[in-house]
Amino acid sequence: MAILSIVVVSLICGLSMFAVRGASNDQLEVYSWWTGPGEEEGLAAMAKSFEGTNPGVRFVNAAVSGGAGSNAKAILASRLLANDPPDSYQRHAGLELLDDVRSGKVQDLSDLYRQQGWNKVFPKGLIENLTIDDRIYAVPVNIHRANLMWYLPKTLKDLGISAPPKTWKEFLAQAEQIKAKGKIPLAVGPEWTQKHLLETVLLGELGADNYDKLWAGQLSWLSPEVTGALDTYTKVLAVSDVKSAAGDWQPQLDKVVSGSAVYAVMGDWSSSYLEQTKNLAWQTGYNVVASPGTDGIYDFLSDSFTLPTGARRPDLARKWLIECGSTDGQNLFNPLKGSIPARTDADAALYKNYLSWALQQWRDPKTRIVGSLTHGVVANNAYNAEIDSALGLFVQDDDQAKFARTVELQYRETQ
Ligand code: GAL
């Protein structure tokens, strides 16, 4: 009997030890959606550096694949709901953070900012996008640019096109010429890439002021300006391969690389893919310009990491955040990731090729900065989800007026 009790007690103890799974202080679980070439290496470089400064601690990479967090965000939501947060997770700067803050899912990091002197090294506008009610909730590791159009100079040359289009009108004229030669004018990918395209067409057609007003609820989706921009988007989609789009953003770019498509609108994570994975040299092998109508505008987003409430290893998580916010961490990560550092004091010489241009544009005081819709800056999650559903239908049924009415209504419903 005594032996049986010992067995039962030790089994229960064993089970309860199991129940606090992973709470040991020898590992850190970091959640992101970086599983593709470039981004995976960038994360691995920071992880290695973290393990180096924290001997005996293993970095557990809990990344879930799917561009723009298309799968990761849903899985994270169920983990947070079940009170099973990773030790740190990726979020974009901007309104994407709001739900987590309001529902108490993330911790205030203002003290860490003070301790690390980050208030002085991150741009003011970026910190504002990480601050809610005077508290700062995430640590930015980079700056990405969304409004870019990628192409191969060789493809343009073969088609007799002297330069990429400066406006969407010019793009549509080129598209006729391109179609006549049997190529796809514009490659797109899954739904989130179609939304990414929508935001760049809106920006190019409306201009930065009206783009900002749209997200601030000061310009109606039913206004003549937005109706005109949506007309253009409909025409742009019609000369894309949207009806047969499959795969993620890498296959989207692969069509440009193979020459079956001429252009792709995508963020600058593409630079790392094209340079490091596809071995194409900037400006000669591949090239990139601001998407039509957006020269001088930087449609920005920023990948940031949080300290979740109930994280099993908050002290280690803070050390990870220090890695993310450090000059060394950012300089290890960003050249591989295809992004520029969030820190203003990072050494520009480390950023070569496309990234040298990006850094110069970002730091140019004449550059106008706006925030990305698809990547979390300008719309809260509820509104973004409504846009997703409405856009999914719009792409199927081409009913532009219904789309505009729905998103106009949903703006009011979701604020
Ligand atoms: C963005 C993210 C980038 C990159 C991209 C493609 O949302 O900020 O870092 O991962 O998605 O997946």
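The values are calculated or read from the model by the stated rules, or taken from the named source; none is laboratory data. Remember, it's a predicted structure, so these values are computed and weren't measured experimentally. Note: ideal-geometry Cβ built from the backbone for every residue, glycine included; neighbour counts use all protein chains shown.
So here's what we get for this one:
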| quantity | calculated |
| --- | --- |
| Failed criterion for LYS402 (all others in (1) basic (Lys, Arg); (2) outside the structural domain of ASP87 (by TED's automatic domain parsing); (3) not in a helix (DSSP H, G or I) hold) | (3) |
| Among (1) more than 16 Å from the ligand (Cβ to nearest atom); (2) outside the structural domain of GLN107 (by TED's automatic domain parsing) - the single one THR327 does not satisfy | (2) |
| Matching strands (runs of 3 or more DSSP E) fully within the range 16-110 where at least 2 residues are in contact with a Phe, Trp or Tyr (Cβ under 8 Å, 6 or more places away or on another chain) and over 25 Å from ALA146 (Cβ atoms) | 27-31 |
| Out of ALA379, ALA349, ALA385, sole residue that is within 16 Å of the chain's Cα centre (by Cα) and either exposed (fewer than 15 other Cβ atoms within 10 Å of the Cβ) or of a type in the set (D, E, K, R) (or both) | ALA385 |
| Residue satisfying condition, being at pLDDT 95 or above, crowded, with 18+ Cβ neighbours inside 10 Å and within 15 Å of the ligand (Cβ to nearest atom), within set GLY38, GLY67 | GLY67 |
| Lone qualifier among GLY267, GLY310, GLY285 - being surrounded by fewer than 24 Cβ atoms within 10 Å (Cβ to Cβ) and closer than 30 Å to ASP99 by Cβ | GLY310 |
| Subset of the range 316-345 (residues that are surrounded by fewer than 19 Cβ atoms within 10 Å (Cβ to Cβ) and hydrophobic (A, V, I, L, M, F, W, C)) | ILE322 |
| Odd one out for LEU355 among (1) modelled with pLDDT of 95 or more; (2) hydrophobic (A, V, I, L, M, F, W, C); (3) more than 15 Å from the ligand (Cβ to nearest atom); (4) in contact with a helix residue (DSSP H, G or I) (Cβ under 7 Å, 6 or more places away or on another chain) | (3) |
| Helices (runs of 4 or more DSSP H) (entirely within the range 112-207) containing at least 3 residues that are buried (at least 21 other Cβ atoms within 10 Å of the Cβ) | 168-180 |
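Quick grid of which residues meet (1) without any contact (Cβ under 8 Å) to a residue 12 or more places away in the chain; (2) in contact with a Pro (Cβ under 7 Å, 6 or more places away or on another chain); (3) closer than 30 Å to LEU222 by Cβ:
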{"site": "SER304", "(1), (2), (3)": "no, yes, no"}
{"site": "ALA317", "(1), (2), (3)": "no, no, no"}
{"site": "THR344", "(1), (2), (3)": "no, yes, no"}
{"site": "ASP347", "(1), (2), (3)": "no, no, no"}
{"site": "ALA358", "(1), (2), (3)": "no, no, no"}
{"site": "VAL378", "(1), (2), (3)": "no, no, yes"}
{"site": "PHE394", "(1), (2), (3)": "yes, no, yes"}
